[in-house]
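Participant: After the structure tokens below, expect a handful of questions from me.
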Amino acid sequence: MIKEASVMKKIVLSVLIILLLVLVGCGRGPSEQMVEDDYHKGSRGLEMNFINNAPPYRIYEGDNLDISVEVWNRGAFPQDKTFQGKLEISGFDPSSITGTWEGGNRIPTNLEGRSQYNIEGGYAVMSYRDRNGVHVPFDADYYEPRIIVHSCYKYTTVADPVVCIDPDPHALVEERKVCNVNNVQIGGGQGAPISVTNVEEEVGSDQIYFRIYVSNNGGGSVMLPRAYNDCPFDVEIGELDKVTAKVKLPHDASPECSPKGTASDPIRLTNGNGYMFCKFSKPATDSAYTTNLNIELDYVYSNSIEKQIKIINIK
């Protein structure tokens with residue numbers, strides 16, 4: 001009887017422990033369960049990799065050629081919009097390789113950005129296939145083209161730094177305030193290749209001034225949104241290293257900015273860096289408070305990957 005009671009006690013204890021673990025797991029909030037809740041970090045956007053042996057390093061005259069590319073959306077855009085992007089291929093004599101993109105060269109529109117529910121970001125595989133057989137020009141012994149795959153995609157950077165709105169920071173009568181006007185350093189990026197890095201604030205007699213600094217941290221080329229159709233081969237020099245921008249505060253959604261941030265007057269990046277200066281009206285309050293300065297940058301971004309192959313002519 002004593003042995004049976006001991007066994008029963010162990011069984012009951014085990015069941016209680018399991019129930020306790022289940023209850024604790026159910027009671028955890030979303031922020032505890034998610035592996036990563038701050039997905040608006042980093043300077044990554046679309047990333048590509050050649051799938052192993054596609055293309056192979058060595059191939060023979062007349063063989064079919066398969067080029068398969070993994071595409072990852074490692075940034076935070078889009079969340080509730082469709083993705084718009086494409087792949088282009090170059091680097092070889094078009095008489096040697098005459099393939100096409102299977103299903104077209106448009107990147108799937110459902111390639112969502114990283115989120116609380118998809119911490120890795122959207123994923124797709126795109127394939128370029130030559131079913132006519134590759135050729136060595138002029139019947140030479142071999143041909144070594146460098147296969148380059150280019151990505152062109154529209155992207156948006158969203159930054160919401162917390163700023164101090166103090167209509168009268170230099171008041172003669174000191175008062176206890178929730179914040180002081182200071183510059184805001186923004187490290188780590190916003191989950192996009194173009195980052196807002198710093199915000200400087202000043203307060204005048206009638207207006208609040210912000211100088212907003214942006215940087216190309218993604219390792220690729222940036223251009224105006226209108227350059228999408230011409231990317232990557234026919235982009236005009238006047239469209240490169242430029243982004244459009246929209247900036248607003250809750251009490252003033254139409255500040256006066258220089259540059260304006262429009263397609264005709266965008267932010268210009270020199271050596272990967274640029275800025276814009278915005279004037280806001282003062283709010284209808286006398287006390288200081290904190291709020292978010294909303295900044296949206298729109299652009300087309302382009303990266304590339306490459307791999308050299310050797311086509312051998314067996315005579």
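Participant: Build a GNM of the chain with springs between Cα atoms under 10 Å: which of Pro232, Pro283, Pro250 gets the top mean-square fluctuation?
Facilitator: Answer for the Gaussian network model of the chain: Pro250.
Participant: I've got another one for you. Compute, for the stretch 156-301, the length of the dipole vector about the Cα centre, with Cβ point charges of +1 (Lys, Arg) and -1 (Asp, Glu) only. Units Debye, rounded to 20.
Facilitator: Value, rounded to 20: 140 debye.
Participant: Let me ask something else about it. Report the gain in length on full extension from Arg58 to Arg146: 0.36 nm times residue separation, minus Cα-Cα distance, nm rounded to one decimal. It would help to have the intermediate numbers written out before the result.
Facilitator: On the way: separation 88, 0.36 × 88 = 31.68 nm, distance 1.22 nm.
Result for the pair: 30.5 nm of gain on full extension.
Participant: Continuing with this model, one more query. Looking at the square roots a ≥ b ≥ c of the eigenvalues of the Cα gyration tensor of the stretch 41-144, which shape do they give, rounded for a/c under 1.5, prolate if a/b is larger than b/c, or oblate?
Facilitator: Taking the square roots of the gyration eigenvalues as a ≥ b ≥ c, the stretch 41-144 is prolate.
Participant: Multiply the residue gap between Gln79 and Asp160 by 0.36 nm, knock off their C-alpha separation, and tell me the result in nm, one decimal place.
Facilitator: 27.6 nm
Participant: Another question about this same structure. Taking the Cβ of Ala288 as the centre, find all other residues whose Cβ is under 14 Å away and add up their charges (Lys, Arg: +1; Asp, Glu: -1). Don't skip to the answer; put the middle values down first.
Facilitator: Numbers: positive: Arg176, Lys177, Lys282; negative: Asp166, Asp168, Glu174, Glu175, Glu201, Asp286.
Within the 14 Å Cβ shell, the charges total -3.
Participant: Cα to Cα, under 20 Å, and not fewer than 8 places away if on the same chain: which aspartates and glutamates meet these conditions relative to Lys279?
Facilitator: Leaving aside aspartates and glutamates fewer than 8 places away in the same chain, those within reach of Lys279 are Asp160, Asp166, Asp168, Glu200, Glu201, Glu202, Asp206, Asp252, Glu256, Asp265, Glu296.
Participant: Still on this model: Using +1 at the Cβ of each Lys and Arg and -1 at the Cβ of each Asp and Glu in the chain, identify which of Asn271, Ile237, Asn183 lies farthest towards the dipole's positive end.
Facilitator: Among Asn271, Ile237, Asn183, the one farthest towards the positive end of the dipole of the chain is Asn183.
Participant: At what distance in nm do the modelled label points of Asn292 and Ser258 sit from each other, each positioned 7 Å from its Cα along Cα→Cβ?
Facilitator: 3.0
Participant: Just report the Cα centroid separation between the stretch 105-146 and the stretch 161-200, whole Å.
Facilitator: Between the Cα centres of the stretch 105-146 and the stretch 161-200 lies a distance of 44 Å.
Participant: In addition: Near Val181, within a Cβ-to-Cβ distance under 12 Å, what is the net charge of the other residues, with Lys and Arg +1 and Asp and Glu -1?
Facilitator: Net local charge, Val181 excluded: -4.
Participant: Find me the longest stretch of the chain that has none of the exposed GluC sites (Glu not before Pro), where exposed means in a DSSP loop (not H, G, I, E or B) with at most 14 other Cβ atoms within 10 Å.
Facilitator: Here the longest run is 237-315.
Participant: Same structure, new question: So, with +1 on the Cβ of K and R and -1 on the Cβ of D and E, and no other charges, what is the size of the charge dipole of the chain about its Cα centre, to the nearest 20 debye?
Facilitator: 940
Participant: While we're here: When a/c is below 1.5 the answer is rounded, else prolate if a/b is larger than b/c, else oblate, so apply that to the chain with a ≥ b ≥ c taken from the square roots of the Cα gyration tensor eigenvalues.
Facilitator: Cα axes put the chain in the oblate bin.
Participant: Can you give the charge dipole size of the stretch 28-147 about its Cα centre, rounded to the nearest 20 debye, using +1 on the beta carbon of Lys and Arg and -1 on the beta carbon of Asp and Glu? Please report the intermediate quantities before stating the final value.
Facilitator: On the way: 12 positive and 19 negative charges, 84 e Å.
That gives a dipole near 400 debye.
Participant: Where does each of Cys164, Cys179 land when they are ranked from fewest to most other beta-carbon atoms within 10 angstrom?
Facilitator: Going from sparsest to densest Cβ surroundings: Cys179, Cys164.
Participant: A further question on this structure: Using 0.36 nm times the number of residues separating Ile305 and Lys41, minus their current alpha carbon distance, what extension gain do you get?
Facilitator: Numbers: separation 264, 0.36 × 264 = 95.04 nm, distance 2.36 nm.
Net length gain for the segment: 92.7 nm.
Participant: At a 10 Å Cβ-Cβ cut-off, how would you order Ser68, Ser95, fewest neighbours first?
Facilitator: Least crowded to most crowded, the residues run Ser95, Ser68.
Participant: Additional query: With r defined as the distance between the Cβ atoms of His170 and Asp230 and R0 fixed at 51 Å, what FRET efficiency is calculated, to the nearest 0.05?
Facilitator: Working: r = 50 Å, r/R0 = 0.98.
The value I calculate is 0.50.
Participant: Let me ask another. At what distance in nm do the modelled label points of Glu200 and Tyr123 sit from each other, each positioned 7 Å from its Cα along Cα→Cβ?
Facilitator: 4.5
Participant: Using a basic spin-label model with each label point 7 Å from the Cα along Cα→Cβ, how many nm lie between Arg131 and Thr285?
Facilitator: Roughly 6.5 nm, to one decimal.
Participant: Oh, and also: Of Lys41/Lys177; Lys81/Lys154; Lys86/Lys310; Lys177/Lys260; Lys86/Lys307; Lys41/Lys81, which pairs sit farther than 21 Å apart, going by alpha carbon to alpha carbon? Walk me through the numbers before you get to the answer.
Facilitator: Working: Lys41/Lys177 30 Å; Lys81/Lys154 11 Å; Lys86/Lys310 26 Å; Lys177/Lys260 33 Å; Lys86/Lys307 19 Å; Lys41/Lys81 19 Å.
Pairs exceeding 21 Å: Lys41/Lys177; Lys86/Lys310; Lys177/Lys260.
Read-outs: derived from the displayed coordinates by stated rules, not from any lab. Everything numeric in this text was worked out from a predicted model, so none of it was measured. Counting neighbours? That spans all protein chains shown, and the Cβs are built from the backbone with ideal geometry, glycine included.
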